[in-house]
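Taking it in order: structure first as structure tokens, then the write-up.
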Amino acid sequence: MAIRKALTIAGSDSGGGAGIQADLKTFQELGVFGTSAITALTAQNTLGVHGVFPQSLEAIEAQLDAVLTDIGTDAVKTGMLFSADIIRLVAQKLSEYQVTNVVVDPVMIAKGGATLLQQQAMTALTEELLPIATVITPNLPEASQILGSTSITTIADMEDAAVELHKLGPKYVVLKGGHLEGEQSPDLLYDGEQLLPFYSERIETKHTHGTGCTFAAAIAAELAKGATIAEAVKTAKVFITEAIASSLAIGRGIGPTNHSAYRQMKK
């Protein structure tokens, strides 16, 4: 049986709840071998981001070349890319190696409010990375930023935003509605023709650090295994819902989700 592989290109979270650490845990839980290219080191815990230290373009390129010339990958998930130069490099490398199944999580702001994407990088994101993405997974604040501060407060707004995001080039859009109010948490998948909703019960907890990273990584893992986009999103929705429901109250701030909850549920 072939070993399926997924590559995460993202920042390192020293607190272990988000970024590279969350992605690799998710890959492992879903039966995919994970590799990584670290774009930035963050000094981070449950109380927030205390420092961001971007890696050099040379270091990032060397990591990507090392993985893709030898191990290869069946899917890529991008997270914190931080700068326009890093985004351009990543887009160039993904095109150079003809990588398929590219999941772009447009990480912009940490749970505690720290900026994880420089403002001048927005143009590079929309012009160079989104057009080569298989799927993008913005939350509502991220979608608003990409679309120029469009207000998204209802399901109808989400539908309009998904259509507009699709025009920027990705094959699919998964717009996450966790920031809406209500008893259910809605996500929308748009393929350029149809809108497919995914709902889950809203879970009342403050311990949601790393939810976006984990959700996107789960989609990447399932695509690496050959799932359709709808199947991948369905599994990822269950995975992150279980992870939030069993979230971990560690530290003195916003704790992480529980990446092992899905596997435990499946037993």
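Looking only at 252, 88, 202, which one moves most when the chain is put into a Gaussian network model with springs between Cα atoms under 10 Å?
Top of the fluctuation ranking is 252.
When 235, 211 are ordered from fewest to most other Cβ atoms inside 10 Å of their Cβ, what list results?
Ascending number of Cβ neighbours within 10 Å: 235, 211.
Which residue fluctuates most in the GNM of the chain (Cα springs below 10 Å): 42, 241, 123?
The residue that fluctuates most here is 123.
According to the square roots a ≥ b ≥ c of the eigenvalues of the Cα gyration tensor, what is the shape class of the range 1-129, taking rounded for a/c under 1.5, prolate for a/b larger than b/c otherwise, and oblate for the remainder?
Cα axes put the range 1-129 in the oblate bin.
If you take every DSSP beta bridge fully contained in the chain, what fraction is antiparallel? Give it as a percent rounded to 5.
45
How would you rank 23, 13, 191, going from fewest to most other Cβ atoms within 10 Å of each one's own Cβ?
So the residues, fewest neighbours to most, are 191, 13, 23.
Pull out the extension gain between residue 171 and residue 231, defined as 0.36 nm times the separation in residues minus the alpha carbon to alpha carbon distance; nm, one decimal.
Net length gain for the segment: 20.0 nm.
Determine the alpha carbon to alpha carbon distance for each of 167/266; 167/206; 93/206; 167/237; 93/266 and list only those over 31 Å.
Listed pairs above 31 Å: 167/266; 167/206; 93/206; 93/266.
Sorted from fewest to most neighbouring beta carbons within 10 Å, what does the list 49, 104, 90 look like?
The fewest-first ordering by Cβ neighbours comes to 49, 90, 104.
Label points 7 Å out from Cα along the Cβ direction at residue 43 and residue 164: separation in nm?
3.9
Starting from the amide H of residue 55, placed 1.01 Å from N in the peptide plane, find each other amide H under 5 Å away whose residue is 5 or more places distant or on another chain.
Here the answer is 40, 41, since their amide H atoms fall under 5 Å of that of residue 55.
Note down the nm distance, to one decimal, between modelled labels 7 Å out along Cα→Cβ at residue 3 and at residue 245.
Once both label points are built, they end up 3.3 nm from each other.
Read the figures in this text as sums done on the coordinates, not as results from a lab. Computed from a prediction, not measured in an experiment: that's the story for all the values here. Note: ideal-geometry Cβ built from the backbone for every residue, glycine included; neighbour counts use all protein chains shown.
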